[in-house]
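Written below as structure tokens is the structure these notes are about.
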Amino acid sequence: ERPSPHGMFLSFDSSYLYTTNIRGLGEMAIDAWDVESGSLLNCPTITTSNGIPHNPSVSFDGSMLFLTHSGGTSKANSAFQVGENGCLLAESEEVFETDLNPFGLLIVSPPSDSDIEVSGAPTLEPTAEPTSSPTGEPSAPPTTEPTSSPTAAPTSLPTSNPTSEPTQAPTGDSTVHAFGEHVAIANRAAGSISLVDPLSLETVTEYELPDGGEPMYFAQLAAKSELWVGDRANNRLVILRMEGTELEVDGFIDTPAGLFHSMPMQRTGDDYPIVVTTCDIDNVAVAHDLTTRRLLGTMDAPTEAVDAGMKPHDITTNGDYVFVTYLGTGEENKGIVASYDALSFDLIDVLETVHD
């Protein structure tokens, strides 16, 4: 029995699933699972130097795992090497800091329409031209001082990590980002985004969201060098253009109140680039098209969730269905998982879970 499974990430080759145990105070912090058999791998126990292991993400080639440690006073993140058997190498932990309350994170893909060559970068098929559209988690601090998501999987896996020095992007209309496989981290309490070099673990770019923003989770349109981040404080998605090694606002999309999780399509090679966002104050989830930036549909909470006072929280989609978790309340603290049609966004089914 695991302490408290919370965050999870599926490796890009779909071989391994990694889950974090958020309330374990750093003990038994990360588990690795074999996807085909559904069994827990016989890996060494991982104890992190910092508590509240929250959200994990794995590099495109599966050789590194990155992890945020959330909490009001935390600035800590961890990086581990991953062995060929999918297990983390316990002795390889490296701790690096960003800013207050590291929360969501994303491995940034290089753009497919770029002439920039980044060592080890995957190639993604370009998508349609987007039109312009300007427009909780545990709060306890960590035990030490130091609240998918990945986009669609690449069509080929890299054999090495990018170099630590980002390549300078060309100038003019063809300007594209040069981050390659860098790690984007949302510093929720600081209102900022850090882009971290995956080899040196140094912050390459620090960007503060406008209007006192509260960054949560990411999505990406790699073909157009766009990084999307949910802003809970302003109830909107912020679209950032990656120009060279800088970030600049390219538009906003208003959402219902209480924006929390945002998750892009997770089916390999899919031509349906959407991002789905849960909004726990207005008690709905919404889907937007990453290329046109238009609202595709709204998913209302099931009657069972409304009657029990449950709130939408986490989310994932595979192109056929959208799955939303609803957090339970009360002594039993049960929750539900609801499935919706990914085209019509109609409710399909509801499954009650043992806990929230």
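The values are calculated or read from the model by the stated rules, or taken from the named source; none is laboratory data. Predicted, not measured: the structure shown is a model, and the values here were computed from it. Backbone-built Cβ (ideal geometry, glycine too); neighbour counts: all protein chains shown. Keep in mind that these areas ignore ligands, DNA and RNA; they rest on the heavy atoms of the full protein, side chains included. Shrake-Rupley method; radii C 1.70, N 1.55, O 1.52, S 1.80 Å.
Can you give the extra length, in nm with one decimal, that the chain gains between Gln81 and Ser14 once fully stretched, where that is 0.36 nm per residue apart less the Cα-Cα distance?
So the chain would gain 22.3 nm between Gln81 and Ser14.
Ser39: accessible area at probe 1.4 Å, nearest 10 Å²?
50 Å²
Arranged from highest to lowest average of other beta-carbon atoms within 10 Å per residue, in what order do the peptides 18-24, 66-72 appear?
Order by mean packing, descending: 66-72, 18-24.
Given a 1.4 Å probe and heavy atoms of the protein chains only, how would you sort Met8, Met310, largest accessible area at the top?
Met8, Met310
Nearest 0.05, what FRET efficiency do Glu246 and Ser92 give at R0 = 25 Å with Cβ-Cβ as r?
My answer for the efficiency is 0.20.
So with the 1.4 Å probe, I'd like the accessible area per residue for segment 264-355, rounded to whole Å². Let's see the in-between values first.
On the way: 4350 Å² over 92 residues.
Ligands and nucleic acids excluded, the result is 47 Å² per residue.
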